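In what follows, a single structure is set out as structure tokens and then discussed.
The values are calculated or read from the model by the stated rules, or taken from the named source; none is laboratory data. The structure presented is a predicted model; accordingly, all values stated were derived computationally and were not measured. Don't worry about glycine lacking a Cβ; one is built from the backbone with ideal geometry, like all the others, and counts go over all protein chains shown. For accessibility, only protein heavy atoms count, side chains too; no ligands or nucleic acids. Shrake-Rupley method; radii C 1.70, N 1.55, O 1.52, S 1.80 Å.
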Amino acid sequence: MKVGQVNTDKYIEIYDIKTIQSGLYELFYAFHKICEENGLIYNMYGGTLLGAVRHQGIIPWDDDVDVSMPREDYDKFVEIVQREYNDKFIAYVYPLKNYPYPYMKFGRKDSILIEPLRNKYNKLSLYIDIFPIDGCPENAEERKNSFKKLKKLKHKRSVCIAPIKKRDSFIGKITNAMRYGRYLLYNAIGCNAFLKKEIGISKQCDFKTSEYVCCMASSWFEKGVITKKEYLDRKLYRFGEHEFWGMRDYDRHLTNLYGNYMLPPPENERVSNHNYHLYFEKKESSEENNG
């Protein structure tokens with residue numbers, strides 16, 4: 001779907017970041033309630049945990065929410081959403097057709113989100129990212145080898161789904177030609193083939209029996225490795241109007257990921273990393289509802 005193909009009689013495009021953040025808070029709270037009602041474990045992850053610690057909510061210039069779940073709870077959450085909540089929510093997850101990520105996006109069905117830079121993979125809805133947490137090898141060299149394989153697969157998958165930027169210089173045209181060759185080759189193999197291998201490597205070490213755990217589906221790799229004991233030691237943090245779960249020892253985790261995480265970036269860098277068009281279903285007015 002392209003931007004021009006959205007039915008504007010039914011949907012309205014949202015530009016205001018506060019409105020987008022409000023929708024994310026609502027979606028995150030719905031996720032939280034499902035987890036609480038079903039005894040599922042999750043933690044705020046990455047920039048969302050940073051937002052909880054530094055801003056007590058979504059980072060003011062950000063427009064996403066990231067959480068993580070042990071693989072078993074992650075799989076159970078998918079089943080519950082598909083069985084009990086498929087009228088309101090959708091779990092975008094492998095092997096869903098044209099879904100190219102090794103982690104889940106939990107979305108609202110009353111919205112359409114289009115990412116122009118994802119070609120045929122661009123139609124989603126307003127979502128939060130949910131990353132599976134897997135065990136990882138205790139031996140540092142074994143971990144390094146696993147991460148090396150994952151990096152190669154992630155690169156091939158990214159070539160499959162990202163458009164080629166136009167470059168006018170001679171060197172740029174040569175670079176584009178080489179990239180286009182890889183694009184054709186990797187798409188002939190199929191994005192799902194790389195995705196299947198990624199997930200297979202990620203699941204080699206079971207969360208329950210591992211001392212060390214990691215979000216193998218993200219790009220943090222070694223920076224994201226922690227002990228399972230650290231991951232499961234959780235507490236509630238104020239995040240907007242509600243409280244959500246996060247690791248108790250946030251300092252070591254956020255320092256590993258961001259360094260001096262309490263220092264905000266310069267003002268000119270306080271921008272979203274995302275590029276999408278978001279549409280919400282139009283709500284009937286009170287006059288229409290009253291007849």
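Numerical summary
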item	result
Answer residue from region 127-146, given it is in contact (Cβ under 8 Å) with a residue 60 or more places away in the chain and charged (D, E, K, R) and is nearest to C214 (Cα to Cα) among those	D134
Some residue of region 167-181 being modelled with pLDDT under 95 and touching a strand residue (DSSP E or B) at 6+ places or on another chain (Cβ under 7 Å)	no
Region 107-128, subset of a type in the set (S, T, N, Q) and not in a loop (DSSP other than H, G, I, E, B), residue modelled with the lowest pLDDT	N119
Residue, modelled with the lowest pLDDT, within region 221-239, restricted to residues that are crowded, with 18+ Cβ neighbours inside 10 Å and closer than 21 Å to S158 by Cβ	F221
Test: Y25 is open to solvent by 20 Å² or more (accessible area, probe 1.4 Å) and over 19 Å from the mean Cα position of the chain (by Cα)	no
Strands (runs of 3 or more DSSP E) contained entirely in region 144-263, each with at least 1 residues that are of a type in the set (F, W, Y) and under 30 Å from T19 (Cβ atoms)	234-239, 242-247
D75 outside any helix (DSSP H, G or I) and within 26 Å of L232 (Cβ to Cβ)	no
Selected residue [of a type outside the set (K, R) and under 20 Å from the mean Cα position of the chain (by Cα)] from S169, S158, S146, S210	S158
Qualifying residue in region 15-36 (condition: touching a helix residue (DSSP H, G or I) at 6+ places or on another chain (Cβ under 6 Å) and in contact (Cβ under 8 Å) with a residue 40 or more places away in the chain)	no
Scope region 13-54; condition assigned to a loop (DSSP other than H, G, I, E, B) and farther than 23 Å from Y231 by Cα; matching residues	Y15, D16
Filter pass, G57 being of a type in the set (G, A, S), over 30 Å from D9 (Cβ atoms), assigned to a loop (DSSP other than H, G, I, E, B) and in contact with a Gly (Cβ under 9 Å, 6 or more places away or on another chain)	yes
Single match in E222, E211, E198 (criterion: touching a helix residue (DSSP H, G or I) at 6+ places or on another chain (Cβ under 8 Å) and farther than 28 Å from D249 by Cα)	E198
S111 in contact with a Cys (Cβ under 9 Å, 6 or more places away or on another chain) and of a type in the set (S, T, Y)	no
Residue in region 91-106 that is assigned to a strand (DSSP E or B), closer than 29 Å to K283 by Cβ and touching a residue at least 60 places away in the same chain (Cβ under 8 Å) present	yes
